[in-house]
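Take a look at the structure set out below.
The values are calculated or read from the model by the stated rules, or taken from the named source; none is laboratory data. Computed from a predicted model, the values in this text were never measured in an experiment. Cβ coordinates were reconstructed from backbone atoms using ideal geometry, including for glycine residues, and neighbour counts include every protein chain displayed.
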Amino acid sequence: MGINWHDFFIVGNPLILGSQIAIVLTMVGIVAGITYLKKWKWLWREWLTTVDHKRIGIMYILSGVLMFFRGGVDGLLMKAQTSRPEMKFLDAQHYNEIFTTHGVIMILFAAMPLLIGLMNVVVPLQIGARDVAFPQLNALSFWLFFSGAMLFNISFVVGGSPDAGWTAYFPLAGKEFTPGIGNNYYAVALQIAGIGTLMTGINFIVTVLKMRTKGMTLMRMPMFTWTSFIASVIIVASFPIFTVALALMTFDRIFGTHFFTISGGGMDMMWANLFWLWGHPEVYIVVLPAFGMFSEVISTFSRKRLFGYNSMVFSIVGIAFLSMLVWVHHFFTMGAGPGVNSVFSITTMMIAIPTGVKMFNWLFTMRKGRIELTTAMLWALAFIPCFVIGGVTGVMLAMGAADYQYHNTLFLVAHFHYVLIPGVVFAVFAGLYYWWPKMFGHMLNEKIGKIHFWFFTIGFNLTFMPMFFLGLDGAVRRSYTYSAESGYAPLFLLSTIGAVILAIGFGALCYNIYWSARYADRNISNDPWDARTLEWATASPVQFYNFAKLPEVKSIDAFWYMKKHNEGLTLKDEEVEEIHMPSNSGLPFYMGVIFGITGFLLVFEWKLAALVATVGILAGLIIRSFDYNDGFHVHKDEIKKTEKAWRSVNKGVNNHVS
Amino acid sequence: MFKKGYLIPLLAFLPVLLLSGCNKMVVFDPKGPAARDILGLINWSLVFMLIVVVVVFGLFGYIVWKYRATSKNKDYVPPEEHGSTKLEIIWTAIPILIVIALTIPTVNTIYKLEKVPAGYEDKKPITINVTSADWKWIFSYPEQGIETVNYVNIPAGTPVKFKLTSAGTMQSFWVPALGGQKYTMNKMETQLYLTADNPGEFLGRNTNFNGKGYADMEFTVEAKSSKDFEKWVKEVKANAPKLTEKKYNELLKPTHLGRETFTGTHLAWVDHGKMNSKTYTNPELYKVHGVQGKIFKDEENNTEMNDSNGGEHNGN
Amino acid sequence: MSANVNTALPLEYQTEQNRMNILGFWIFLGAEIILFGTLFAVFSVLNARYAGGPTPKDLFEIKDVMVETILLLTSSFTCGLAIYEMRRGNRNGLLLWFIITLLLGAGFVFMEVTEFIHYVHEGATMQTSAFLSSFFVLLGTHGLHVSMGIGWATMVIIQIFKRGLTPVTARKTFIIGLYWHFLDVVWIFIFTFVYLARMVA
Amino acid sequence: MEKNHKGFPVTHVIGFIMSLVLTFAALGVAIKTSLPFKTILWIIGSLAVVQAGLQLYMFMHMNEGEDGKSQVINVAYGFFIAVVTVAGSIWVMSFGM
């Protein structure tokens, strides 16, 4: 199998060359840095082998931020290319690769890990558990996700990026029209990451069902836990479909089958059908936990419990149910009969009903409250109007006949950015500002946070608002250029300016992370926001066993109740018992590596080598089967020491930030 | 601080204000019954959406302003309230009513668009077969026996039944001034009725991404008076070269073309809309940078088209 | 995580971790139902697209299919007996029925592989038509599951030999039992909607 | 939980015999009768569902244990999604005809 090295490493493009050099330099820098600081052992013991849900969450979040950066750069490149008509910055092929990777990375490798990361950190704490149900599986989920993300990301320097859009519609994505291996990356990397996500879903369902502390009934769970739970249910319901779709794509591309090809009786629209059977629920997988975060933040900073808790729960269950029944609205224009389009128009519009209920419940949570405009709250506030724009345009798109004029135009692009950026990115930012002290023991700077907020929200609106009008004027998505006569130029330019402002906002976040890590006050309380749920009942940052004594829950907003009734806030020495914790394991990391290697070989269609590598996967499974490590016990003295340390500090800190 | 808090809703409000003032945008400037029907639906939905936006934004602004934390209300303790069944029923019921109000006209319009538009039922529709290929549009007039590339002339005031199919990748056929879009797929035929009220020129294009040449996949629709249309057909039949199978295979290669006109149609030997039609693919011509994977030869449908290496994308 | 043992329950349910594992496996089976459901959806859509290749009537041999079906049904029964013996605390009974189950499973896999080889010799490969692609992938996925199950069960048998019946080995056995029955359920649908239905159509 | 730990595994044997009967019934309906295809499909489909339920309850004890309810809901939900996927795909991919 002769490799043409000239093709293997993508060369000849100054942008890619620049990033290749940057990647090599960064990697050398990281390796040198760790070696210099003698941190290899620490890295291995504390992070690479960890099964602690908080650390895994943090690793998810860091990779998510990194991927958000990569996807953001893709977005900026696209905006640069379309800033003026007939622009010559990128050629068509390069543009196609970039919007493909932008979409895939933002949805699967940025939004998902950021949300799953926060779920990991927060959900076990909110239900008063010591870890998730299957800690080692949790680590495996992360390493599979990470392996998939890395595999996908090397595509633009090694072998070529996928270039058929994030939806990878057949027959374009098939071998008949895209013989390059770029789309193999899509099929294989997403498969690996998807398996990880599926396991996360199972893990969190069991965690929520089985590991709630005493008194934490389902209808007392914090809203973020509820939404994470329902999102996990949707993951388990929809990711198997994606697994199958990607496997069939792999078969078509690498083994020459005829599922979606135009020859041999294949059916191209079947891919679109399967893709959206997964793809639509996927939107709710990312949006629901975000809704949960907004619920927590709005409730905390309005100093009121959530308005209409029960109807909130019913509406998320309703959204989850409907989410599986609307997928065809992504291809109303396929030419299916009017019966099909009518049914799916109706089911789609019905989703507006529970979403509307949530919207009003949030508004009425704030009513009669005392609204504190912390950075986290600002994100939640900005979410409401922006998301309403996304929502109403969503209803417009749901109307089958009207969609014939919106479909595949920039109107659609504007709509889903108005749903996903306020609905997910704002939420993640709110969540990060809100829970940062829980993860790291210091706050993010509020002043820089506000700069971040204003640049980002203004930039966001400026970027995507013009796209509604461009779309209605006939501008289509995924087109790398447009003519001067079209008259689109001013709005496209405005959009590019918005993107730059948005990028500055993201830069402010990165600076904030750096600044706060270096200079922020470490002397903070376990409950800096005067919050309501259980995660604030324990130390910041949270000690590895979470709770010295598992709290007992007597009401919704359990920690608020504890504070009001002064119950369970102190810990007596005799209450301390030994705690059983799971041991670290290198196996998940190994599995991530071996999956990555197997995937890489498969991408390059070296089937025999890939088959050999699967032996490595099987070996990992066998080792796991014979692994009888039952964890370890934390001694009473150690617990007492840890607890005293943070409980005494708290007496001296200023409890209130804003 | 609080002034800034208002900037967001104001900014988000902008589109609504702009929308009401925009009549020039192509979707809001219909030139045929199909586009007009859709616009009617869009306008109907805009009214409701505007109401939703005004109510929510108003409520949002009011609540955030009234209940913001200030130095004056430091000691204010928000009340414990669990919800309100009455309110919750109201804001469940109103969206349901809105959805119903939107559903009925939507379903009506969906069914309406499948038929010859109202007001044109007595006119005999003409049929035009649309075949999309990488990266061009091929129009066949089976009744007239002519074929055009990248432009299509239609008689104004006559409903046109477009039969859509594709020779390869999937495209979407869209003439926004005349009506909504529909996909063109290989081995599948979809139909779309479009009618131009008056003579005029309209831009049509592909909206479904299909590779390197996608950005330039545009065509023009020219609606002529019936007399002019007949005249044009006659001229074409007199002057245009005959379409041969060889020439047609040439057309299907991934290239950009200008306008072309032929007599005869390719329907004589292939209709890509038929389930068992021949497959035309040229994977060799789609190679771009990066490592190339194995291409699977399809034994039965080998098209003998891979002899020359034309088809370079010349758009960039 | 706590090692609280409730001895009133069957071995596999005695610890909280065991109960979580069993529930988790049920959830996984829920995902598997959807996975196979999707493969069935693909098969249902593509099952008449022969592209000039062989049709089900040309290929399927009802006798072989019946043998495979009975092998799998019986193995599901013996697997049930194995779990039954486990709950009686009868280690040897468990091992005996368990090994019989695996032998029957291996017989099934052997039959299926022979069947596939036979088809390929008749010119019916995965690459021939959409119908055959979806047929081979649906059946192949099931067959792969059965093979993985055999490998996995072998690991568990070794552990029972080494450690005897403990809550952990009992849980592993119970879970693999669930898996095995589930594969039988999937086969019922394959038998019905792939073989019987396509032979009649 | 299973109450009868001793003696003859009655439920298992009944389950096994029933599954054999159902299998051969389906075979008989499919091969030996000349009913219309749709009718056959409905009959053998129903038999398959019954047999699956048999396996789930008699062999897998789906509803036992403290999480029996969750397990039943989970399987029912999975089955529902699978049916939506299959029926929806067939309907939509026939272009609603």
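Determine whether A:Leu209 is surrounded by fewer than 24 Cβ atoms within 10 Å (Cβ to Cβ), assigned to a helix (DSSP H, G or I) and of a type in the set (A, V, I, L, M).
Against the criterion (surrounded by fewer than 24 Cβ atoms within 10 Å (Cβ to Cβ), assigned to a helix (DSSP H, G or I) and of a type in the set (A, V, I, L, M)), A:Leu209 qualifies.
State which residue is nearest to the chain's Cα centre (by Cα) when the search covers only the range A:597-621 and only residues that are at the interface with another protein chain (Cβ under 10 Å from one of its Cβ atoms) and surrounded by 14 or more Cβ atoms within 10 Å (Cβ to Cβ).
The residue in question is A:Val603.
Modelled with pLDDT under 95 and exposed (fewer than 12 other Cβ atoms within 10 Å of the Cβ), is that true of B:Lys74?
Yes; evaluated as a whole, the condition is true for this residue.
Being surrounded by 14 or more Cβ atoms within 10 Å (Cβ to Cβ) and in a loop (DSSP other than H, G, I, E, B) is the filter here, so list the residues in the range D:36-62 that pass it.
If the condition is that a residue be surrounded by 14 or more Cβ atoms within 10 Å (Cβ to Cβ) and in a loop (DSSP other than H, G, I, E, B), then D:Met60, D:His61, D:Met62 are the ones that fit.
Could you list, in sequence order, all residues of the range B:160-181 that are surrounded by fewer than 24 Cβ atoms within 10 Å (Cβ to Cβ) and in a loop (DSSP other than H, G, I, E, B)?
Across the range B:160-181, the qualifying residue is only B:Ala177.
Residues that are among the aromatic types (Phe, Trp, Tyr) and over 17 Å from C:Thr69 (Cα atoms): does the range D:10-27 have at least one? Full working, then the answer.
Kept after step one, since they are among the aromatic types (Phe, Trp, Tyr), are these residues of the range D:10-27: D:16, D:24.
From the residues that got through so far, the ones that are over 17 Å from C:Thr69 (Cα atoms) too are none.
No, the range D:10-27 has no match at all.
Looking at (1) of a type in the set (Val, Ile, Thr); (2) under 24 Å from A:Ala402 (Cα atoms); (3) surrounded by fewer than 22 Cβ atoms within 10 Å (Cβ to Cβ), can you tell me which one A:Val476 breaks?
Result: A:Val476 fails condition (3) only.
This table checks each residue for (1) buried (at least 24 other Cβ atoms within 10 Å of the Cβ); (2) in the same structural domain as B:Lys234 (by TED's automatic domain parsing); (3) part of a strand (DSSP E or B).
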{"residue": "B:Asn153", "(1), (2), (3)": "no, yes, yes"}
{"residue": "B:Gly157", "(1), (2), (3)": "no, yes, no"}
{"residue": "B:Tyr183", "(1), (2), (3)": "yes, yes, yes"}
{"residue": "B:Gln191", "(1), (2), (3)": "no, yes, yes"}
{"residue": "B:Ala196", "(1), (2), (3)": "yes, yes, no"}
{"residue": "B:Glu201", "(1), (2), (3)": "no, yes, yes"}
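If you go through the range C:150-194, how many residues are within 14 Å of chain D (Cβ to nearest Cβ) and of a type in the set (S, T, N, Q)?
2
Given (1) modelled with pLDDT under 95; (2) surrounded by 14 or more Cβ atoms within 10 Å (Cβ to Cβ); (3) part of a helix (DSSP H, G or I), where does A:Gly592 come up short, assuming only one miss?
If we test A:Gly592 against (1) modelled with pLDDT under 95; (2) surrounded by 14 or more Cβ atoms within 10 Å (Cβ to Cβ); (3) part of a helix (DSSP H, G or I), just (1) comes out false.
From A:Trp515, A:Trp454, which residue is away from every other protein chain (no Cβ under 11 Å) and either in contact with a helix residue (DSSP H, G or I) (Cβ under 8 Å, 6 or more places away or on another chain) or on the phi > 0 side of the Ramachandran plot (or both)?
On the way: A:Trp454 fails: away from every other protein chain (no Cβ under 11 Å).
Result of the check over A:Trp515, A:Trp454: A:Trp515.
What are the residues in the range A:295-354 that are within 14 Å of chain D (Cβ to nearest Cβ) and under 24 Å from A:Val122 (Cβ atoms), if any?
A:Val317, A:Ala320, A:Ser323
Being within 14 Å of chain A (Cβ to nearest Cβ) and either more than 20 Å from B:Asn206 (Cβ to Cβ) or not aliphatic (A, V, I, L, M) (or both) is true for just one of B:Ile100, B:Ile146. Which residue is that?
B:Ile100
Among residues belonging to the range A:135-193 that are in a helix (DSSP H, G or I) and of a type in the set (Ser, Thr, Tyr), point out the one that is nearest to A:Gly592 (Cα to Cα).
A:Ser147
Would you check which residues across the range B:255-292 are part of a loop (DSSP other than H, G, I, E, B), within 26 Å of C:Tyr50 (Cα to Cα) and not polar (S, T, N, Q) and list them?
Going through the range B:255-292, the residues part of a loop (DSSP other than H, G, I, E, B) turn out to be B:255-259, B:264-265, B:269-282, B:287-291.
If we keep only those that are within 26 Å of C:Tyr50 (Cα to Cα) too, we end up with B:269-282.
Passing the criteria: B:Trp269, B:Val270, B:Asp271, B:His272, B:Gly273, B:Lys274, B:Met275, B:Lys278, B:Tyr280.
Quick one: in the range A:285-316, which of the residues that are basic (Lys, Arg) and in contact with a Pro (Cβ under 6 Å, 6 or more places away or on another chain) is nearest to B:Pro95 (Cα to Cα)? It would help to see each step written out before you state the result.
Looking only at the range A:285-316, we keep the residues that are basic (Lys, Arg), and these are A:303-305.
Still in the list and also in contact with a Pro (Cβ under 6 Å, 6 or more places away or on another chain): A:303-304.
Numbers: A:Arg303: 28, A:Lys304: 26 Å.
The selected residue is A:Lys304.
Cβ contacts < 8 Å: first residue of a type in the set (Gly, Ala, Ser), restricted to the range B:87-116; second residue assigned to a helix (DSSP H, G or I), any location; separation 6+ or different chain. Result?
Going by the 8 Å Cβ cut-off, the qualifying pairs are B:Ala101/B:Phe48.
Are there any helices (runs of 4 or more DSSP H) wholly within the range C:1-88 with 2 or more residues that are free of Cβ contacts under 8 Å to residues at least 24 places away in the same chain and either within 10 Å of another protein chain (Cβ to nearest Cβ) or aromatic (Phe, Trp, Tyr) (or both), and if so which?
On the way: elements: C:16-46, C:56-59, C:62-87.
Here the list reads C:16-46, C:62-87.
Could you list, in sequence order, all residues of the range A:467-494 that are in a helix (DSSP H, G or I), without any contact (Cβ under 8 Å) to a residue 60 or more places away in the chain and facing another protein chain (nearest Cβ under 9 Å)? If you could, list the steps in order and put the result at the bottom.
Going through the range A:467-494, the residues in a helix (DSSP H, G or I) turn out to be A:467-472, A:484-486, A:489-494.
Subset that is without any contact (Cβ under 8 Å) to a residue 60 or more places away in the chain: A:467, A:469, A:485, A:490-491, A:494.
Across the range A:467-494, the qualifying residue is only A:Phe469.
Of all residues in the range A:46-91, which are part of a loop (DSSP other than H, G, I, E, B) and of a type outside the set (Lys, Arg)? Reasoning before the result, please.
First pass over the range A:46-91, keeping only residues part of a loop (DSSP other than H, G, I, E, B): A:49-52, A:82-91.
Answer for the range A:46-91, where residues must be part of a loop (DSSP other than H, G, I, E, B) and of a type outside the set (Lys, Arg): A:Thr49, A:Thr50, A:Val51, A:Asp52, A:Thr82, A:Ser83, A:Pro85, A:Glu86, A:Met87, A:Phe89, A:Leu90, A:Asp91.
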